[in-house]
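The values are calculated or read from the model by the stated rules, or taken from the named source; none is laboratory data. Computed from a predicted model, the values in this text were never measured in an experiment. Neighbour counts run over all protein chains shown; Cβ positions are idealised from the backbone, glycine included.
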Amino acid sequence: MKLSLVVPCYNEQDNVRAFYDAAVNAFLGCGYEYELVMVNDGSRDNTGIELKKLFYEKREETPITIVQFSRNFGKEAAILAGMKHAKGDLVTLIDADLQQRPEIVREMVQILDEHPEYDCVAAFQKERNEGRGLSFFKREFYRLINQMSEVEFVNGASDFRTCRRKMVDAILSMPEYHRFSKGIFSWVGFDTYYIPYVAEERHAGKTKWSFWKLFKYAVEGIIGYSTAPLKIATVLGSFTSLLAVIYFIVVVLQRLICGVDVPGYATIVALILLIGGIQLLILGIMGEYIARMYIQGKQRPIFIEKDVLTNEDEV
Ligand code: UDP
Ligand code: MG
């Protein structure tokens, strides 16, 4: 098997068939074997039924594997499950909503065939058709995370990529519960070739990303790939202690030398608020790390498969 397309699907009932058709079209006459691994990430609509129908209709034509999750575990978990079931020497991660055209995958495969020195081809979005606010937020996020973290993140690079088997195996060997693909891809290393692409409009349905979800995702990236926020505590703590000492000396000198009465409670209230705030912030940051240790410590599986459909003769 040359190529596996891993497709996470969450509430994509109107897209799965269109995706299948587009993929088959794109690979017409490509001259190599490929399979589809479609993961139903606990959809609330009829995605599961549509996938099953697709499987029984098309299993003779194209090898398909359908993985059904027991509930929604998130795109990262769906990608991981898909990679686990993928049998190809090359594995592509692609969305089900046809925002990423399957024709590009064919280009990716060609690039990998021509350049044995690269282990992965990733597509990045040159221009995004999204609001100014969101694009500012994303740009700042990348600046921040690149400064703090030991791995490099490329702005605009999506999960849309094709990797060689050795890179896939490296990714599968990472057991972390809180998965942040962009971090995982750059953490495992390997040489990545970047190609620009323009995202299409969604075929049907709507995006699952709200601003709040994106924010949580950003925190995941920062906490997961950097311990720099923990150092804020040390820096802020030392700084405020120093200020407190200086202030104390000033007050004592004022009293002894100039005979000034120490002014009222306003400063005290202000200081309590300031220091209380800083302490809460730092406790919160530490809590984020501790919570992740706690959940990782329970060693729960990253996803649970309800059932798996696959072509027996292929296995
Ligand atoms: N997805 C998923 N689980 C989720 C959310 C999304 O498997 O909990 C899938 C979704 O079906 C799609 C892909 O991840 O194939 C990208 O999602 P979406 O199109 O909503 O993101 P966007 O393209 O807007 O960034
Ligand atoms: Mg999309």
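If you go through the range 26-34 one residue at a time, do you hit one that is on the phi > 0 side of the Ramachandran plot and either away from ligand 2 (no atom under 16 Å from the Cβ) or not small (Gly, Ala, Ser) (or both)? Within the range 26-34, one or more residues are on the phi > 0 side of the Ramachandran plot and either away from ligand 2 (no atom under 16 Å from the Cβ) or not small (Gly, Ala, Ser) (or both).
ASN155 falls short on exactly one of the conditions (1) modelled with pLDDT under 85; (2) away from ligand 1 (no atom under 16 Å from the Cβ); (3) within 23 Å of GLN99 (Cα to Cα), and that condition is (2).
Restricting attention to the range 174-191, the residues being without any contact (Cβ under 8 Å) to a residue 24 or more places away in the chain, of a type in the set (A, V, I, L, M, F, W, C) and either touching a Leu at 6+ places or on another chain (Cβ under 6 Å) or in a loop (DSSP other than H, G, I, E, B) (or both) number 1.
Quick one: which residue in VAL121, VAL91 is assigned to a strand (DSSP E or B), closer than 22 Å to PRO175 by Cβ and either more than 16 Å from ligand 2 (Cβ to nearest atom) or of a type in the set (Ser, Thr, Tyr) (or both)?
VAL91 is the lone residue from the list that is assigned to a strand (DSSP E or B), closer than 22 Å to PRO175 by Cβ and either more than 16 Å from ligand 2 (Cβ to nearest atom) or of a type in the set (Ser, Thr, Tyr) (or both).
Residue-level analysis places GLU50 outside the set of residues that are over 21 Å from ASN311 (Cα atoms), buried (at least 20 other Cβ atoms within 10 Å of the Cβ), in contact with a helix residue (DSSP H, G or I) (Cβ under 6 Å, 6 or more places away or on another chain) and modelled with pLDDT under 95. Within the option set VAL251, VAL260, VAL269, VAL245, being over 22 Å from the mean Cα position of the chain (by Cα) and outside any helix (DSSP H, G or I) holds for one residue only, VAL260. Filtered by the rule that a residue be under 12 Å from the mean Cα position of the chain (by Cα) and not hydroxyl-bearing (Ser, Thr, Tyr), the range 182-208 gives LYS182, GLY183, ILE184, PHE185. Determine whether ALA199 is within 11 Å of ligand 1 (Cβ to nearest atom), of a type in the set (A, V, I, L, M) and surrounded by 14 or more Cβ atoms within 10 Å (Cβ to Cβ). Yes; evaluated as a whole, the condition is true for this residue. Among the residues of the range 1-12, those that are in contact with an Asp or Glu (Cβ under 9 Å, 6 or more places away or on another chain) and either within 18 Å of ASP159 (Cα to Cα) or surrounded by 19 or more Cβ atoms within 10 Å (Cβ to Cβ) (or both) comprise LEU3, SER4, LEU5, VAL7, PRO8, CYS9, TYR10, ASN11, GLU12. Residues of the range 122-136 that are touching a residue at least 24 places away in the same chain (Cβ under 8 Å) and farther than 17 Å from VAL219 by Cα: ALA122, ALA123, PHE124, GLN125, LYS126, GLU127, ARG128, ASN129. Taking VAL252 and the conditions (1) surrounded by 12 or more Cβ atoms within 10 Å (Cβ to Cβ); (2) without any contact (Cβ under 8 Å) to a residue 12 or more places away in the chain, which numbered condition does it fall short on, given that it satisfies the others? The single condition VAL252 does not satisfy is (1). Candidates in the range 95-115 are the residues that are in contact with a Lys or Arg (Cβ under 9 Å, 6 or more places away or on another chain) and either closer than 24 Å to HIS178 by Cα or aliphatic (A, V, I, L, M) (or both); of these, the one that is nearest to ligand 2 (Cβ to nearest atom) is ASP95. Within the option set ARG139, ARG164, being more than 16 Å from ligand 2 (Cβ to nearest atom), of a type in the set (Lys, Arg) and free of Cβ contacts under 8 Å to residues at least 40 places away in the same chain holds for one residue only, ARG139.
Residue count for the range 76-105, restricted to those that are more than 15 Å from ligand 1 (Cβ to nearest atom) and buried (at least 19 other Cβ atoms within 10 Å of the Cβ): 4.
Residues in the range 197-219 that are touching an Asp or Glu at 6+ places or on another chain (Cβ under 9 Å) and more than 16 Å from ligand 2 (Cβ to nearest atom): VAL219 only.
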